[in-house]
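> Let me give you the structure first, and then I'll get to my questions.
Just so you know, all these numbers are worked out from the coordinates, no wet-lab data involved. The structure presented is a predicted model; accordingly, all values stated were derived computationally and were not measured. Every residue, glycine as well, gets a Cβ built from its backbone with ideal geometry; the counts of neighbours run over all protein chains shown.
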Amino acid sequence: MLLLLYNLIMKKLYLDKIDSTNKYCKDNIYNIDDMTFVYTYNQTNGRGRLERKWTYMGKDNIYASIVLKPSKKMKEIYSNLTQLLCVVLTEVFEEYGVFPKIKWPNDIRINHKKISGILAEGVINSDGNLEGLVLGFGVNLNTGEDAVYNIDQPATSLNLETGNVIDKEVFLKKVLNRFCLLYNRFIEEGFLLIRGDYLKRAEFLNKEVAVKVFDKTYEGTATDVTENGALKLTDKNNQEHILLIGDIL
Ligand code: BTN
């Protein structure tokens, strides 16, 4: 029964071959409804955070985007939606007996090797309002060891971690169901709903980190994540910074 929840809530759009599901969703935002799941098994030019590429690792991996349409409430927490998806994905990985860690804000890694990435992109309409949010995610489910070795940063995949071939449809259903299960409460309650689940998987707390925020890099100790999902960092002069956006490098 639970496995069917997302079928009731989400529309699905499968693309045979596309440069990037995120780009497709942004380009077609006016024709795509709220809560539409767009996916392909052949993504030729995937995009990542920090202007990186998301490498195509074959059809048995996940390349997908969820289109969300804003309401007033959602605007306040929309940057936290990547953290919701991050917790959801991490919990699904755990069902397979692996225990990834989260690197703020939304990288998912196992032994410091990336297994999944999330890229949120907004589209602003001519009135200056947010028309839609595209929540893109890639998951390495089934790859060869050589393939992950060739990525520009340490990476792994679920089959390499578990020793089993992973059924991508089953994995996807688990992710979408969990996302749908939490989504409405998340819109009401925001990051606080998942803060505990997020923190217990955080790999960066009480560590020295460098955080890139646009052109600036902050260095210091990551001390906490606030109730809004922002990173608290204390620098060497004992000055505290609250970083709402950015990437731990
Ligand atoms: C990251 O850099 O960690 C984010 C990677 C996000 C990759 C996914 S794959 C599906 C969607 N379409 C894209 O072009 N990128 C995202």
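> Of Asn142, Phe171, Ile9, which is farthest on the positive side of the dipole of the chain, counting Cα position, with +1 on Lys and Arg Cβ, -1 on Asp and Glu Cβ, and the Cα centre as origin?
Ile9
> Apply the a/c threshold of 1.5 to the C-alpha gyration tensor of region 194-249 and tell me whether it is rounded, prolate or oblate.
The shape class here is prolate.
> Moving to a separate point now. Inverting the mean 1/r over all pairs of different Cα atoms, compute the Kirkwood radius of the chain and quote it in Å. Could you put the intermediate results ahead of the total?
Values: mean 1/r = 0.0539 Å⁻¹.
For the chain, the Kirkwood estimate is 18.5 Å.
> Using the count of nearby Cβ atoms within 10 Å as a rough guide to exposure, how do Ile242, Ile115 rank from fewest to most?
Working: Ile242 11, Ile115 26.
The fewest-first ordering by Cβ neighbours comes to Ile242, Ile115.
> Lys and Arg at +1, Asp and Glu at -1: add these up for the other residues within a Cβ distance under 12 Å of Arg109 and post the number.
Taking every Cβ under 12 Å from that of Arg109, the sum is +2.
> Let me ask you something else. With an 8 Å cut-off on Cα pairs and a minimum separation of 6 or more residues, tell me the relative contact order of region 207-248 in percent.
Normalised by residue count, the contact order of region 207-248 is 35 percent.
> Still on this model: Roughly how many whole Å is it from the C-alpha centroid of region 39-55 to that of region 108-132?
12 Å
> Below 8 Å between Cα atoms, with a sequence gap of 6+, how large is the relative contact order for region 2-199 in percent?
23 percent
> On to the next question. Local charge sum around Ile32 (other residues, Cβ-Cβ under 11 Å, Lys/Arg +1, Asp/Glu -1)?
On the way: positive: Lys11, Lys26, Lys69; negative: Asp27, Asp33, Asp34, Glu131.
So the surrounding residues net to -1.
> I've got another one for you. Around Met10, under 12 Å between beta carbons, what's the net of Lys plus Arg minus Asp minus Glu among the other residues?
On the way: positive: Lys11, Lys12, Lys173; negative: Asp33, Asp34.
Combined, the nearby Lys, Arg, Asp and Glu give +1.
> Hey, another quick one. Straight-line reach only, C-alpha to C-alpha below 22 angstrom: list the lysines that Lys72 could link to, leaving out same-chain residues fewer than 8 apart.
In chain and number order, the partners are Lys26.
> Considering Cα pairs under 8 angstrom that are at least six residues apart, work out the relative contact order of region 1-104 and quote it in whole percent.
That works out to 22 percent.
> Next up: Give me, ordered by chain and number, the residues 5 or more places off Thr156 or on other chains with an amide H under 5 Å from its own placed amide H.
Close amide H contacts, sequence-distant or interchain: Lys114, Ile115.
> Okay, moving on. So how far, in whole Å, is the C-alpha centre of region 158-172 from the one of region 12-26?
Spelled out, the Cα-based centre of one part sits 23 Å from the other.
> Calculate for the chain the 222 nm mean residue ellipticity that helices alone would give, adding -39,500 (n - 2.57) per DSSP H run of length 4 or more and normalising by residue count, nearest 500 deg cm²/dmol. Before the final figure, lay out the partial values.
Numbers: 8 runs with 70 residues, N = 249.
Computed ellipticity for the chain at 222 nm equals -8000 deg cm²/dmol.
> Let me ask you something else. Going by a ≥ b ≥ c, the root eigenvalues of the Cα gyration tensor, does region 127-231 fall in the rounded group (a/c under 1.5), the prolate group (a/b larger than b/c) or the oblate group?
Oblate is the answer for region 127-231, as a/c is 1.5 or above yet b/c matches or exceeds a/b.
> Could you put Glu51, Glu208 in order, starting from the residue whose Cβ has the fewest other Cβ atoms within 10 Å?
Fewest to most other Cβ atoms nearby, the residues stand as Glu51, Glu208.
> Let me ask something else. What's the magnitude of the charge dipole for region 1-100 around its Cα centre, counting Lys and Arg as +1 and Asp and Glu as -1 at the beta-carbon? Answer in Debye, nearest 20.
Result for region 1-100 is approximately 400 debye, rounded to the nearest 20.
> By a straight-distance test (C-alpha under 18 Å), which aspartates and glutamates pair with Lys236 as possible cross-link partners, with residues fewer than eight away in the same chain excluded?
Result set, ordered by chain and number: Glu208, Glu219, Asp224.
> Further question: Find the lysine pairs in region 87-174 meeting two conditions, Cα atoms under 17 Å apart and a separation of 8 or more places or different chains, and report how many there are.
4
> Order these by the 10 Å Cβ neighbour count, fewest first: Met10, Met74, Met57.
Details: Met10 20, Met74 17, Met57 24.
Neighbour counts put them in this order, fewest first: Met74, Met10, Met57.
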